[in-house]
Amino acid sequence: MNMLKALAGAAAAIVISTAGASAQSKLSLRLDWSLYGTHAAFYLGVEKGLYKAEGIDLTINEGSGSGTTARLLAQGGDPVAFVDFGTMAKGIGSGMPIKAILGVHQASPMMILSHADAPIKSPKDLEGKVIAMAPAESTAQMFPVLLSAAGVDAAKVSVLAPATGAKTALFLQKRVDAITGVTYFHLPPMERDKVAVHYFTYADYGVTALEGGVAANTEWLAANPDLAKRFVKATQTAFVAAKADPAAAVDALVKLRPEQARNRDLLIRQLQISMESIATPNTKSMPFGRMSEKDWQTMIDQLVASKQLATPVALDKLFSNEFLPN
């Protein structure tokens with residue numbers, strides 16, 4: 001009898017141990033847009049088991065602009081998100097309970113794109129012209145900062161706000177003079193289709209915009225600090241691997257999303273260009289994803305100066321490096 005009890009106890013212990021080892025915390029990530037190259041890093045993390053190794057069952061949901069993603073994150077529908085940090089900062093200024101926890105595109109890739117045969121060479125050239133941008137886009141959120149930094153009279157610039165995703169068609173049809181964009185998203189398809197373009201970046205005119213990274217709902221962070229650390233660790237590893245081998249990262253995405261196979265070359269090019277924006281002079285010597293107080297402060301100062309924020313936001317409400325591996 002005693003032996004039977006011992007065997008039963010051992011079997012129970014094995015069952016409990018196995019269940020604990022296989023238990024996965026479900027977590028949903030909201031992207032800033034429909035799929036593009038940078039997002040491949042998250043799929044690489046899923047396909048290669050990086051999140052699973054950290055006890056995370058990750059679901060990835062597409063987005064429709066950083067403004068919308070920030071609102072969804074604040075509402076708690078998705079605890080974590082890939083979002084533009086400038087847009088996020090404006091949301092925090094209005095009371096959204098969200099915070100940046102991992103930087104990705106820390107050197108701004110935002111740009112103004114025009115046709116090579118009618119180039120807009122500086123922000124001042126936008127006066128008297130028509131430019132298209134969707135209001136929820138990160139580039140639209142930061143556009144007033146560009147105009148302010150360059151001393152442009154915003155009243156002299158005509159802004160067209162098409163439906164989400166429609167501005168590129170307007171540009172190709174030459175129904176607008178320019179569009180806002182980001183280098184890694186908009187330049188590769190222009191290269192592929194041999195469209196001659198001209199562009200300048202927001203950074204060329206002094207705009208410090210921490211453009212894209214991972215943020216979390218602060219209530220979720222407070223309740224799940226260990227899960228947040230495990231998620232950030234896996235994500236950091238995934239992005240480092242994606243930078244080292246963009247093709248492998250995109251192949252992982254295609255494996256999980258087979259309908260993207262036709263876009264493989266485009267996605268690889270987008271990922272390659274996006275990895276050119278991962279660090280600023282203040283973060284280039286730091287591990288991937290770690291953020292600088294100086295960069296955040298400069299961006300907040302510019303948002304206030306351009307009246308996109310009524311008052312400065314405390315840095316500890318905006319971002320934290322505490323969830324990154326030491």
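Coordinate-derived values only; no laboratory data. These numbers come from a predicted model, not from an experiment. Cβ atoms come from the backbone with ideal geometry, glycine included; neighbour counts cover every protein chain shown.
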Sorted by chain and then number, the residues having a modelled amide H within less than 5 Å of the amide H of Ser158, at least 5 places away or on another chain, are Gly128, Lys129, Ile131
Relative contact order for the chain, counting Cα pairs under 8 Å that sit 6 or more residues apart, in percent: 28 percent
Over the Cα atoms, compute the radius of gyration (one decimal) and Dmax (the largest Cα-Cα distance, rounded to a whole number) for the chain, in Å. 21.8, 92
Theoretical gain in end-to-end length, Arg257 to Glu191 [0.36 nm per residue, Cα-Cα removed]: 21.4 nm
In nm, what is the difference between 0.36 nm times the number of residues separating Ala222 and Ala150 and their Cα-Cα distance? 21.9 nm
Kindly flag which residue pairs out of Lys243/Lys284; Lys167/Lys194; Lys26/Lys99; Lys99/Lys294; Lys26/Lys48 have an alpha-carbon separation exceeding 22 Å in this structure. none
Applying the span-like rule to the chain (DSSP H, Cα extent along axis at least 24 Å, Kyte-Doolittle mean at least -1.0) gives 2-22, 225-244
Given H placed 1.01 Å from N in the peptide plane, which residues other than close sequence neighbours of Asp57 have an amide H under 5 Å from its amide H? Ser25, Lys26, Leu27
Placing each pseudo-label 7 Å from Cα in the direction of the beta carbon, Ala163 and Gln24 end up separated by a distance in nanometres of 3.6 nm
Based only on other Cβ atoms within 10 Å, what is the fewest-to-most ordering of Ser122, Ser138, Ser306? Ser122, Ser306, Ser138
Please identify, among Gln106, Gln75, Gln308, the residue showing maximal mean-square fluctuation in a Gaussian network model of the chain using a 10 angstrom Cα cutoff. Gln75
Taking the Cα centre of the chain as origin, sum charge times position over the Cβ atoms of Lys and Arg (+1) and Asp and Glu (-1), and report the length of that vector in debye to the nearest 20. 380 debye
Under 17 Å Cα to Cα from Lys129, which aspartates and glutamates show up? Leave out anything in the same chain fewer than 8 places away. Asp117, Asp153, Asp177
Using a Förster radius of 51 Å, what is the FRET efficiency between Lys52 and Lys317 based on their Cβ-Cβ separation? Nearest 0.05, please. 0.95
Of Leu50, Gln173, Ala155, which is farthest along the charge dipole of the chain in the positive direction, counting Lys and Arg as +1 and Asp and Glu as -1 at C-beta? Leu50
Using only alpha carbon pairs under 8 Å that are at least six residues apart, calculate the relative contact order of segment 110-205 and give it in whole percent. 50 percent
Considering the chain as a Gaussian network with a 10 Å cut-off on Cα pairs, which listed residue, Pro246, Pro225, Pro144, attains the greatest mean-square fluctuation? Pro225
